[in-house]
Amino acid sequence: MKNKTSGLWVLMIILGVVLCATTAYASGQPEGASTVPVEEQRLIMMVSSGGSGNTLAAAARKFEEETGIEVETLFFPYQDVRDRQFLALSGGRSTPDIIAVNDEWYEQMYSYLTPLDGLIDQEVINGLMPSLMRDFKRDGSTYMIPVRVGTDIVIYRRDIWDQHGIQPSDVRTWEDFLRVARTVNDPEAGVYAYASQYTPRPYMLDKYSGILYSYNTELLNEDGTRAAFNTPNGIRATKTFVELFQYTPPGAITYSIAEAVEALQTGLAFMNIEYAPRYTVVNDPDFPHYGNFALLPHFPYGEGTGLQTGVPTAPTWSLGINRYSRNQEAAAKFLNFIGSYDEQLRLAVNHSNTPSVLAVYDDPAFVEAVPVASNIKSVLASSRARPLHKDWDRIVDALAAQIERALLGEITVEEALEIAERDVNAVLSRR
């Protein structure tokens, strides 16, 4: 009887432990989070291959050096980062501890993240761009902090513009920009006015959206329930986007980041709408046109729209903490580290990161490393985030598919926007 009673007590204890663990898991509290000293916690983070991932990995290495806390950084293609993280979060897995979020994923992921209120130092919060911090609030709480922000900006070849007597002050509107493109485009000489990113489709839509906003037109209505781009100014913006494609090199419809950058580096193309952090990549001393690249200090706008400056998109990488992570103290310490002035400055100077701390843009070290820092800052002031919408992936597919057909001349701009409006509204009606 004694053995049976003891066995029963053991069983009850085991069930109690399981129940407590299950309750903690279901409520989002990381099991055992407070039992491991912070200096012994080990972090895992997934990042996108390329510039953003390299920046985050560089911060992780510096963080390890300064704190002794290990951060394992796993690189994957862009879409794989989103899919793998979302699978882990929706399944309640404790890793990865730190969640890297491109802004278009935010609505799908924020409910799986730990609210950062009280975890992030007020000094860090005060230094980050207020407009971005507002974007990442839900229900009064902040779920992530921006660590890499890159407005789109116009890169051009100063020497080519000088040859044609073109001054930056002459290019205020998209109509001005088109006139420049027609002037410098010379396919018979094997050089083209413009190069951009047309694949994957989200990259193309970033460029398109900036032109659309700069014609005082929205992608969606205010509450995100209907398409808003099929308007007279939306048609004008789309025609500008389509005409620019006529001045690109053959095969440009397949261009992604690497091809668009290489076209500028090698002199195949003279202008681009590019993500600001890539300016130093384009203006590479290993290529023959180093030193000839400049940035417009403003983003063009559509004539007659009532705007005084254009409105580029500002894609943002931000970091949050997996609500199921068992290493939340260490994760919060890393977020405080990477969001600090000193680390944002180091990443900006040494790793071509466009900082999310506004004061860094005026730091002499950053200005020396990136002489166009003031141009980036001025354009950033008028930029805006992508729509933070949980159906953004499907909206992109529906709209970009028709814009692509218009670029290739398969349908007119008017037809493209009519079909896209119908398809986007169908996506939104299924919410």
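Tabulated data
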quantity	calculated
Residue satisfying condition, being of a type in the set (S, T, N, Q) and closer than 16 Å to Gly210 by Cβ, within set Asn272, Asn230	Asn272
Positions within the range 247-261 being in a loop (DSSP other than H, G, I, E, B) and buried (at least 16 other Cβ atoms within 10 Å of the Cβ), in sequence order	Tyr247, Thr248, Pro249, Tyr255
Selection status of Asp159, under 18 Å from Tyr279 (Cα atoms), over 19 Å from the mean Cα position of the chain (by Cα) and assigned to a helix (DSSP H, G or I)	yes
Filter pass, Ala276 being over 27 Å from Ile411 (Cβ atoms), among the small types (Gly, Ala, Ser) and open to solvent by 40 Å² or more (accessible area, probe 1.4 Å)	no
Residue within the range 201-211 that is within 25 Å of Ala381 (Cα to Cα), touching a Lys or Arg at 6+ places or on another chain (Cβ under 8 Å) and not in a strand (DSSP E or B) present	yes
Selection from the range 212-237 of residues that are small (Gly, Ala, Ser) and part of a loop (DSSP other than H, G, I, E, B)	Ser214, Gly224, Ala228
Lone unmet requirement of (1) surrounded by 16 or more Cβ atoms within 10 Å (Cβ to Cβ); (2) outside any loop (DSSP other than H, G, I, E, B) for Pro387	(2)
Qualifying residue in the range 300-318 (condition: open to solvent by 40 Å² or more (accessible area, probe 1.4 Å) and of a type in the set (S, T, N, Q))	yes
Test: residue in the range 279-288 that is touching a residue at least 60 places away in the same chain (Cβ under 8 Å), farther than 29 Å from Ala365 by Cβ and open to solvent by 10 Å² or more (accessible area, probe 1.4 Å)	no
Number of positions in the range 54-81 that are out of contact with any helix residue (DSSP H, G or I) (no Cβ under 8 Å at 6 or more places or on another chain) and among the small types (Gly, Ala, Ser)	1
Those residues of the range 394-421 which are at pLDDT below 95 and either buried (at least 18 other Cβ atoms within 10 Å of the Cβ) or in contact with a Pro (Cβ under 8 Å, 6 or more places away or on another chain) (or both), in sequence order	Ile395, Val396
Pair list, Cβ < 8 Å and 6+ apart or interchain, from the range 89-100 residues that are over 17 Å from Ala330 (Cα atoms) to residues that are surrounded by fewer than 18 Cβ atoms within 10 Å (Cβ to Cβ) and not aliphatic (A, V, I, L, M)	Gly92/Tyr25
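This table checks each residue for (1) in contact (Cβ under 8 Å) with a residue 40 or more places away in the chain; (2) aliphatic (A, V, I, L, M); (3) surrounded by fewer than 17 Cβ atoms within 10 Å (Cβ to Cβ).
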| position | (1), (2), (3) |
| --- | --- |
| Arg179 | no, no, yes |
| Asn185 | yes, no, no |
| Ala189 | no, yes, yes |
| Tyr194 | yes, no, no |
| Asp206 | yes, no, no |
| Leu212 | no, yes, no |
| Glu222 | no, no, yes |
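The values are calculated or read from the model by the stated rules, or taken from the named source; none is laboratory data. Quantities reported herein were computed from a predicted structural model and do not represent experimental measurements. Here the Cβ is made from the backbone with ideal geometry for all residues, glycine too, and neighbour counts use every protein chain on show. Side chains included, ligands, DNA and RNA excluded: accessible areas come from the protein's heavy atoms. Shrake-Rupley method; radii C 1.70, N 1.55, O 1.52, S 1.80 Å.
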